[in-house]
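The values are calculated or read from the model by the stated rules, or taken from the named source; none is laboratory data. All figures in this text were calculated on a predicted structure; none of them were measured in a lab. FYI the Cβ positions are ideal-geometry reconstructions off the backbone, even for glycines, and counts take in every protein chain you see.
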Ligand code: NAD
């Protein structure tokens, strides 16, 4: 079997090599984002795999289908870049990837602690041999309340990770689950805003969660609240964040994801002019930590994403399905 893999990063190569050897298949690779211009690369391939930067729309799917492609995999958890209905009509089976929630949950706890202990400022000072303490006083976790919004796989793992810190843990979700209820107290969203010293977001980006945190919600939070977003930038209205930081309503902000991050993250843009005012305005504050959407980025997660991408295609061909097969 021949599989065309797009958007291949150097760190995926060793896992692709191992899978090609193990299953006796050919995996052609390109770092390019899939699109109409490079669709001819899929000629003679039964499977195509990619990450999340391309738009896999009906026209592209028709091109792939004409080239003989019958199976697709996205080596990401998100799949909103694929027209699943069109794929189904064309008889193309599609799967996504999964990986353990631990990497993102660990990163979230790191963000919480870095915010709480003013680490960005301390780190900056170290570069100029400024070892003063002024302005760096933090708080003990066990004297604080942490509010977790979204208690799915990652939110629950964050709660488990935080269990050892002795903080009070409260949670909000539209669907409550027993595992989270055993270690945290479910409250309403209003109660979570009113009671939390630290709020961390773990909901998906869907129409109902777009800008779920705006001016009104930030106003309802405690003064000096620490806000951490390792989920999706669009969950929070960036203008409200700017106001919250400027007015010092928000004590610290940890963001692994930001609105308008596409085209900025995961690239070296050092010599470019980047037009995203709010992103860069927020970036310069001493109490705002921004990372390049890297919470997922662990060796374990990458291995799992590549494995799901290749073995998903093989399983869909051999058995008609796979554990991560998607339905329109
Ligand atoms: P999940 O589907 O297991 O959990 C999502 C939870 O959010 C569910 O419990 C769901 O009921 C809840 N939810 C849905 N709508 C809600 C609402 N309106 N209010 C409150 N809760 C709501 O997903 P997960 O695996 O835990 O991932 C959570 C999110 O983390 C993903 O959707 C993704 O955007 C983000 N993520 C980020 C990274 C990264 O590298 N920064 C990596 C992976 C995932």
Q: Tell me, yes or no, whether region 209-229 has at least one residue that is within 11 Å of the ligand (Cβ to nearest atom), surrounded by fewer than 17 Cβ atoms within 10 Å (Cβ to Cβ) and assigned by TED's automatic domain parsing to the domain that holds residue 110.
A: yes
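Taking residue 189 as the residue in question, decide whether it is touching a residue at least 24 places away in the same chain (Cβ under 8 Å), surrounded by 20 or more Cβ atoms within 10 Å (Cβ to Cβ) and within 16 Å of the ligand (Cβ to nearest atom).
No; evaluated as a whole, the condition is false for this residue.
Given the options 244, 260, 251, name the one that is modelled with pLDDT of 95 or more and closer than 19 Å to residue 211 by Cα. Even if it seems obvious, please write down each step before you answer.
On the way: 260 fails: modelled with pLDDT of 95 or more; 251 fails: closer than 19 Å to residue 211 by Cα.
It is 244.
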(Q) Based on this model, can you work out whether residue 258 counts as within 13 Å of the ligand (Cβ to nearest atom) and closer than 30 Å to residue 194 by Cβ? (A) yes
Q | Residue check for residue 146: farther than 30 Å from residue 28 by Cα, crowded, with 21+ Cβ neighbours inside 10 Å and more than 10 Å from the ligand (Cβ to nearest atom) | A | yes
Q | Residue list for region 1-12, filter: part of a helix (DSSP H, G or I) and surrounded by 14 or more Cβ atoms within 10 Å (Cβ to Cβ) | A | 12
Q | Given (1) in contact (Cβ under 8 Å) with a residue 40 or more places away in the chain; (2) over 28 Å from the mean Cα position of the chain (by Cα), number of the condition residue 127 does not satisfy | A | (1)
Q) Name the residues in region 296-325 that are surrounded by 18 or more Cβ atoms within 10 Å (Cβ to Cβ) and part of a loop (DSSP other than H, G, I, E, B), would you? A) 296, 322, 324
**Q.** Search result, residues across region 104-121 that are crowded, with 22+ Cβ neighbours inside 10 Å and touching a strand residue (DSSP E or B) at 6+ places or on another chain (Cβ under 8 Å)
**A.** 108, 111, 112, 115
